[in-house]
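Undergrad: Shown below is the structure under consideration.
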Amino acid sequence: MKALAFIGSAQDDLRAFPAAAREEAGYQLYLVQTEKEPDDWKPFSEIGSGVNEIRVRDSSGIYRIMYVAKFSDAVYVLHCFQKKTQKTSVSDVELAKKRYNSLVRSLRP
C-alpha cells in the first residue's frame with residue numbers, strides 16, 4: 001500500500017469536511033492507496049500529468065479531492081475543497097497547479 005502525503009493545507013482542509021464526506025473521502029483515498037480506482041473520479045490533466053479528482057457528494061454539499069498517484073512512493077493529495085459552482089473555480093485550479101509543480105520540483109534528483 002502506498003503512503004498518503006498531503007501537500008500544503010490539504011490535510012486540514014480535508015479534516016474540515018463534514019463527518020460523512022470526510023469518511024467517504026478517506027475511503028476513496030484508501031482505494032487509491034491500494035491501487036484501486038475510486039468510485040467517482042475524473043482525470044484533471046489541466047493541473048498536471050497524472051492528476052485526478054475524487055468527487056464526493058453528501059447532503060451538505062459537493063466535495064473534491066485532487067491527488068496524484070503516479071509516483072511510486074506515495075499518493076500525494078494536492079487540494080481538498082467544497083465545490084460551490086458547476087465549474088471548478090480558477091483559484092482552486094491554480095492552487096492545485098502550484099502544489100503539483102512544487103511537488104514535481106521537490107521529487108527531481
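Undergrad: Could you give me the residue pairs with C-beta distances under 6 Å whose first residue belongs to region 86-99 and is farther than 11 Å from ARG64 by Cβ, whose second residue is part of a loop (DSSP other than H, G, I, E, B) and β-branched (Val, Ile, Thr) wherever it lies, and which are 6+ apart or on separate chains?
TA: Close Cβ pairs satisfying both conditions: LYS97/ILE47; ARG99/ILE7.
Undergrad: Regarding region 35-45, can at least one residue be identified that is buried (at least 20 other Cβ atoms within 10 Å of the Cβ) and under 16 Å from ALA10 (Cα atoms)? Let's see the steps before the verdict.
TA: Initially, region 35-45 is screened for residues buried (at least 20 other Cβ atoms within 10 Å of the Cβ), giving 38, 44.
Cutting the leftovers down to under 16 Å from ALA10 (Cα atoms) gives us none.
No.
Undergrad: For region 79-109, name all the residues that are of a type outside the set (Ser, Thr, Tyr), more than 17 Å from ARG22 (Cβ to Cβ) and either more than 15 Å from the chain's Cα centre (by Cα) or outside any helix (DSSP H, G or I) (or both). Let's see the steps before the verdict.
TA: Let us first name the residues in region 79-109 that are of a type outside the set (Ser, Thr, Tyr), namely 79-84, 86-87, 90, 92-99, 101, 103-105, 107-109.
Remaining after also requiring more than 17 Å from ARG22 (Cβ to Cβ): 84, 86-87, 90, 92-99, 101, 103-105, 107-109.
Residues satisfying the conditions are LYS84, GLN86, LYS87, VAL90, VAL104, ARG105, LEU107, ARG108, PRO109.
Undergrad: Search region 56-73 for residues being in contact with a Gly (Cβ under 9 Å, 6 or more places away or on another chain) and assigned to a loop (DSSP other than H, G, I, E, B), and hand back the single one that is surrounded by the fewest Cβ atoms within 10 Å (Cβ to Cβ).
TA: So the residue we want is LYS70.
Undergrad: Taking the options GLU53, GLU94, name whichever one is among the acidic types (Asp, Glu) and surrounded by 19 or more Cβ atoms within 10 Å (Cβ to Cβ). Walk me through how you get there before you give the answer.
TA: Working: GLU94 fails: surrounded by 19 or more Cβ atoms within 10 Å (Cβ to Cβ).
Going through GLU53, GLU94 in turn, the sole match is GLU53.
Undergrad: Among the numbered conditions (1) modelled with pLDDT under 95; (2) surrounded by fewer than 17 Cβ atoms within 10 Å (Cβ to Cβ), tell me where THR88 comes up short.
TA: It is condition (2) that THR88 fails.
Undergrad: Among the candidates GLY26, GLY48, which residue alone is surrounded by 13 or more Cβ atoms within 10 Å (Cβ to Cβ), over 10 Å from the mean Cα position of the chain (by Cα) and part of a loop (DSSP other than H, G, I, E, B)?
TA: GLY48 is the lone residue from the list that is surrounded by 13 or more Cβ atoms within 10 Å (Cβ to Cβ), over 10 Å from the mean Cα position of the chain (by Cα) and part of a loop (DSSP other than H, G, I, E, B).
The values are calculated or read from the model by the stated rules, or taken from the named source; none is laboratory data. These numbers come from a predicted model, not from an experiment. Note that each Cβ is placed from the backbone with ideal geometry, even for glycine, and that neighbours are counted across all protein chains shown.
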